Amino acid sequence: MNNTGQDLIEHEEHTNRGLTIDSRKCRLCLYCVQLCPSKAVKLEKDTIKVIPERCILCASCIKGCPQHAMSLYGGLGTVGSVLASGAKTIACLDPAFPAAFDAESPRRFVTALKKLGFTEVWEGAFGVELVSQAYRRLLDSNTGSPLISSFCPAIVFYIQKYLPQLIPNLAPIVSPMIAIGKVARHIKGNDWKTIYITPCLAQVGESVADEVAGVIDHVITFRDVQRILDAAGIDQGKLEETEFDGPRPFLGRIMPVIGGLNRSMGSSFDVLEDEVSVAYGRRQVIGLLNQLASGYIRAGFLDLVYCDGCIDGPFIDRELSVLGRRHVIARYTKGEMAKQNMSDVHKELEKYQGIDLGREFRNTEEKLTAPSEEEIETILKKIDKLPPSNNLDCRACGYATCRDKAIAVAQGLADAQFCLPYLLDQSNKIYQQLEKSHRELQKSHQELEHAQYQLIRTEKLAALGQLAAGVAHEINNPLGTITIYAHILLKTMETEDPRRDDIALIINEANRTKGIVQGLLSFARETKLKPGDTDINELLEDALGLLVNQSLFQNIKIKKNFAKDLPAIFADGTQLKQVFLNIVLNAAQAMEGKGNLAITTWLQKDHIKIRIRDTGPGILPEHVAKLFNPFFTTKEKGTGLGLAISYGIIERHSGKIEVDTELERGSTFTISLPLGRDEKDLQDETKRH
């Protein structure tokens with residue numbers, strides 16, 4: 001396997017296994033709730049969740065989700081580790097594989113799998129051959145109650161959890177997947193690893209079921225395999241053909257299509273005899289099982305498939321229709337059978353007659369407490385759906401009737417208020433709330449304008465402070481000279497000298513000026529840092545919260561990309577917030593209230609980085625060098641101190657602030673703040689500045 005494929009597998013190894021829901025894609029349409037036959041999908045706190053204990057792994061939710069928000073994270077990472085370890089492995093292909101991959105050159109697919117690291121590649125359809133024989137023997141000897149085929153694990157899980165009274169009717173025979181796994185153990189021993197490649201989610205769960213656990217080492221999907229091949233850059237069209245390994249199947253290859261098991265047994269049936277019934281599809285199969293449990297149906301053998309055959313599995317990523325896939329399987333089966341000798345097939349089957357294909361089925365019933373009529377009526381009343389007049393049964397909530405919805409709410413499977421008609425009835429209250437929010441927003445806007453005024457005032461005061469500091473510095477030196485020489489002159493004069501009063505006046509006025517200068521210096525000193533543990537992401541959120549409601553920001557699209565788990569730094573949050581406000585406000589003004597603003601934070605070694613990028617007109621090259629100088633501004637009403645003050649604050653935190661700009665493309669300010677600083681470090685830095 002090349003590095004790209006290995007990287008993909010290693011990535012999958014760190015992902016949680018099982019059914020997952022991408023909340024970014026999920027639109028809460030609740031179609032998955034409608035499709036789920038076992039009430040395993042529920043709405044919880046505005047999020048769709050799957051209840052693992054109730055799930056039968058039928059994948060109706062994955063196949064039916066219009067937003068493609070449902071997916072499976074399987075054992076791809078573990079399989080990658082097995083392949084990387086150099087262990088001897090068998091890639092066992094589900095009989096449906098021609099419908100998912102290139103049926104015209106299946107032996108090139110064998111070559112591709114071996115390039116990934118598999119030692120041997122088997123056709124799983126040989127398990128069908130063994131299971132078909134077991135079914136024929138069972139049906140020949142059965143004179144009792146109806147038998148239900150047990151090769152579809154989704155149906156087996158449903159019976160075990162929701163119709164345990166039908167467990168005695170399940171054919172006590174393993175599925176073809178388990179059968180081929182037992183053959184692999186018989187031939188190769190326990191040192192080899194058997195990886196089954198499937199289009200079916202339920203087979204992933206079947207492989208770890210207590211009754212058959214350990215026969216198949218790992219199960220991955222057709223989709224997983226295709227992803228690895230794509231990532232590894234393996235093009236099957238350019239590969240040589242390699243023959244399949246392991247025992248060869250015959251008619252068992254037809255099993256993935258409807259009636260395939262019955263056909264692989266070589267039997268035919270007359271529908272008028274009503275001895276064998278073939279049913280498929282969620283509604284038909286679940287309805288039939290419930291009718292069987294109620295005694296309405298009597299048949300010798302029920303050949304049941306949850307999907308439209310295994311070729312309709314959720315992990316076959318191919319645009320061919322189900323009918324087209326049936327034709328592919330039929331052509332492949334006929335083509336392979338034409339190459340084989342029937343006597344050789346019988347000899348091969350005889351080798352494995354001693355393998356135990358029997359199994360038992362545990363009762364894993366999942367009962368939900370039936371709510372009382374009083375509880376149901378209370379819930380219906382809460383959402384204004386008491387029958388008969390208000391009972392709409394619109395199914396927008398995912399349930400067939402309002403009563404079904406109320407029962408699900410009582411059982412903790414649904415949210416009572418997630419009802420479209422009910423929400424529409426509440427629109428008036430929502431409108432009133434919006435009115436109230438609008439008034440609060442106006443008040444907030446006024447407060448923000450006041451805060452902006454205070455910010456401008458602070459900048460002007462800072463400018464005055466810097467001016468005072470400059471003036472004080474220039475006055476202090478000559479003032480000191482005047483004072484010294486006035487004292488010397490005073491000492492040289494006689495006591496009666498009338499000029500002494502003039503000299504004393506000079507000294508007094510000089511001292512008074514010195515006091516004024518000292519006052520200016522006190523005013524000009526920067527505010528003392530008040531550091532503490534500071535969350536940069538929270539500071540940015542706070543700063544944006546002060547600005548985004550201004551009219552200036554109404555047509556500015558702000559994109560935030562804040563790093564998760566960003567460590568706190570020891571800093572003065574108030575002063576850093578002033579820096580963020582200055583830069584974001586400058587960007588908005590530069591864009592004249594129209595454009596994009598991107599704010600990104602990330603951790604780079606021992607520094608936290610903050611990048612603020614706008615799509616404004618950019619900064620002239622001759623202005624860039626002066627950008628952080630006090631009193632430099634290109635605004636009509638600017639003070640020229642915002643960036644200067646920001647620069648000083650960042651410097652006092654031992655950080656850096658840089659600007660990158662391009663005319664007509666925008667400007668980017670990047671701030672770097674060090675980690676690991678303490679109060680003493682900040683005090684020392686303040687003294688240096």
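Kindly identify the stretch 146-197 as rounded, prolate or oblate by the Cα gyration tensor criterion: order the square roots of the eigenvalues as a ≥ b ≥ c, call it rounded if a/c is under 1.5, otherwise compare a/b with b/c, prolate if a/b is larger, else oblate. Prolate shape, in that a/c is at least 1.5 and a/b is the bigger ratio. Length gained on full extension, Leu566 to Lys334: 77.4 nm, using 0.36 nm per residue less the C-alpha separation. Go through Lys25/Lys564; Lys45/Lys577; Lys25/Lys557; Lys557/Lys609 and tell me which ones have a Cα-Cα distance over 24 Å in this structure. From Lys25/Lys564; Lys45/Lys577; Lys25/Lys557; Lys557/Lys609, over 24 Å: Lys45/Lys577. Over the residues of the chain, the helix contribution to mean residue ellipticity at 222 nm works out to -14500 deg cm²/dmol, using -39500 (n - 2.57) for each DSSP H run of at least 4. Taking all protein chains together and a 1.4 Å probe, the residues Asp404, Asp94, Asp245 rank Asp404, Asp245, Asp94 from largest to smallest accessible area. Structural descriptor for the stretch 257-373: relative contact order 22 percent, calculated from alpha carbon pairs under 8 angstrom and at least 6 residues apart.
Net charge dipole, the chain: roughly 560 debye, given to the nearest 20, about the Cα centre with Cβ charges of +1 for Lys and Arg and -1 for Asp and Glu.
A simple rule links phi to the HN-Hα coupling: the Karplus curve 6.51 cos²θ - 1.76 cosθ + 1.60 with θ = phi - 60°, which for the stretch 657-672 gives 10, 10, 10, 10, 9, 9, 4, 6, 10, x, 10, 10, 9, 10, 10, 10 Hz, with x for Gly and Pro. In the full protein context, the chain carries 52 Å² of accessible surface per residue, based on a 1.4 Å probe and ignoring ligands, DNA and RNA. Positive end of the dipole of the stretch 583-628 (Cβ unit charges, origin at the Cα centre): among Ile599, His623, Val584, the Cα lying farthest that way belongs to Ile599.
Here Lys238 is the anchor, and the lysines within straight C-alpha reach of less than 26 Å, apart from those fewer than 8 places off in the same chain, are Lys88, Lys114, Lys115, Lys334, Lys339. Spin-label pair Ala400-His623: with each label point 7 Å from Cα along the Cα-Cβ axis, the two points sit 7.0 nm from one another. For the chain, averaging the sequence separation of C-alpha pairs within contact (under 8 Å, six or more residues apart) and dividing by the residue count gives a relative contact order of 11 percent. Largest first, the residues Arg107, Arg500 sort by 1.4 Å accessible area into Arg500, Arg107.
Taking label points 7 Å from Cα along the Cα-to-Cβ direction, Glu658 and Gln284 give a separation of 6.7 nm.
The phi-based Karplus calculation (6.51 cos²θ - 1.76 cosθ + 1.60; θ = phi - 60°) puts the 3J(HN,Hα) values of the stretch 552-563 at 4, 9, 5, 10, 10, 8, 9, 10, 10, 10, 8, 5 Hz, whole numbers, x for Gly and Pro. Within the full protein context, the accessible area of Val345 is estimated at about 10 Å² for a probe radius of 1.4 Å.
With a/c under 1.5 counting as rounded, go ahead and sort the stretch 173-312 into rounded, prolate or oblate using the C-alpha gyration tensor (a ≥ b ≥ c being the square roots of the eigenvalues; past the cut-off, prolate if a/b is larger than b/c, else oblate). Prolate, since a/c reaches 1.5 and a/b exceeds b/c. Beta-bridge orientation, the chain: approximately 55 percent antiparallel, per DSSP, counting only bridges with both partners inside. Each of Ala231, Ala396, Ala568 was placed along the dipole of the chain (beta-carbon charges, centred on the mean Cα), and the one lying farthest toward the positive end is Ala396. The listed residues Asp317, Asp217 rank as Asp317, Asp217 when sorted by accessible area, largest first, using a 1.4 Å probe. Along its principal axes, the chain has C-alpha extents of 145, 69, 43 angstrom, given from the largest down.
The values are calculated or read from the model by the stated rules, or taken from the named source; none is laboratory data. Note that the coordinates shown come from a computational prediction; the quantities given were computed from them, not determined experimentally. Here the Cβ is made from the backbone with ideal geometry for all residues, glycine too, and neighbour counts use every protein chain on show. Heavy atoms of the whole protein, side chains included, go into the accessibility calculation; ligands, DNA and RNA do not. Shrake-Rupley method; radii C 1.70, N 1.55, O 1.52, S 1.80 Å.
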